1. Name the single residue, out of those in region 78-91 being part of a strand (DSSP E or B) and not small (Gly, Ala, Ser), that is surrounded by the fewest Cβ atoms within 10 Å (Cβ to Cβ).
2. Among the residues of region 17-27, is any modelled with pLDDT under 95, in contact with a strand residue (DSSP E or B) (Cβ under 6 Å, 6 or more places away or on another chain), outside any loop (DSSP other than H, G, I, E, B) and open to solvent by 30 Å² or more (accessible area, probe 1.4 Å)?
3. Can you go through 59, 94 and tell me which one is surrounded by 13 or more Cβ atoms within 10 Å (Cβ to Cβ), in contact with an Asp or Glu (Cβ under 8 Å, 6 or more places away or on another chain) and either farther than 23 Å from residue 10 by Cα or modelled with pLDDT of 95 or more (or both)?
4. Count, please, the residues in region 47-62 that happen to be among the hydroxyl-bearing types (Ser, Thr, Tyr) and more than 14 Å from residue 77 (Cα to Cα).
5. Just name the residue that is modelled with the lowest pLDDT out of those in region 97-115 that are surrounded by 18 or more Cβ atoms within 10 Å (Cβ to Cβ) and in a strand (DSSP E or B).
6. Between a first residue in region 1-16 that is more than 30 Å from residue 27 (Cα to Cα) and a second residue that is part of a loop (DSSP other than H, G, I, E, B), which pairs have beta carbons less than 7 Å apart while being 6 or more apart in sequence or on different chains?
7. Please verify whether residue 71 is among the basic types (Lys, Arg) and either without any contact (Cβ under 8 Å) to a residue 40 or more places away in the chain or on the phi > 0 side of the Ramachandran plot (or both), treating the condition exactly as stated.
Amino acid sequence: QVQLVESGGGLVQAGGSLRLSCAASGSIFKINIMGWYRQAPGKQRELVAVITSGGDTNYADSVKGRFTISRDNAKNTVYLQMNSLKPEDTAVYYCNLLHVGSVEWGQGTQVTVSS
């Protein structure tokens with residue numbers, strides 16, 4: 001059984017920064033993809049950024065240049081550094097793990113950016 005525990009969400013003013021963390025525990029295949037998705041009220045869940053166990057990354061166009069995803073493989077932890085936050089970044093952010101054909105989700109953490 002795999003568990004993903006997110007932390008680091010909160011309320012911040014536009015232009016501010018937040019750092020999200022997601023720690024994975026349980027039986028995790030060494031080769032995997034971890035990432036962050038978000039869902040705003042009334043909208044579909046969308047990809048924010050993903051990173052492979054080898055360090056390759058992919059970002060949504062809307063966050064390129066502002067957000068940075070990184071990971072610590074020894075700790076099975078993925079991070080999302082969010083800078084220059086905008087009100088449209090307000091959403092519940094979900095951690096995601098893809099491995100051996102299985103998809104796991106965290107419980108979500110709220111990020112609210114005030115204007």
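1. Going through the qualifying residues, I end up with 81.
2. yes
3. Exactly one of 59, 94 is surrounded by 13 or more Cβ atoms within 10 Å (Cβ to Cβ), in contact with an Asp or Glu (Cβ under 8 Å, 6 or more places away or on another chain) and either farther than 23 Å from residue 10 by Cα or modelled with pLDDT of 95 or more (or both), namely 94.
4. 3
5. In this case the residue turns out to be 99.
6. If the second residue must be part of a loop (DSSP other than H, G, I, E, B), the pairs left are 12/85; 14/85; 14/86; 14/115; 15/84; 15/85; 16/85.
7. Details: among the basic types (Lys, Arg): yes; either without any contact (Cβ under 8 Å) to a residue 40 or more places away in the chain or on the phi > 0 side of the Ramachandran plot (or both): yes.
Yes; evaluated as a whole, the condition is true for this residue.
The values are calculated or read from the model by the stated rules, or taken from the named source; none is laboratory data. Bear in mind the structure is a predicted one, so any value in this text is a computation, not a measurement. Reconstructed Cβ throughout: ideal geometry from the backbone, glycine too, with neighbour counts over all protein chains shown. Heads up: the accessible areas ignore ligands, DNA and RNA and are worked out on the full protein's heavy atoms, side chains in. Shrake-Rupley method; radii C 1.70, N 1.55, O 1.52, S 1.80 Å.
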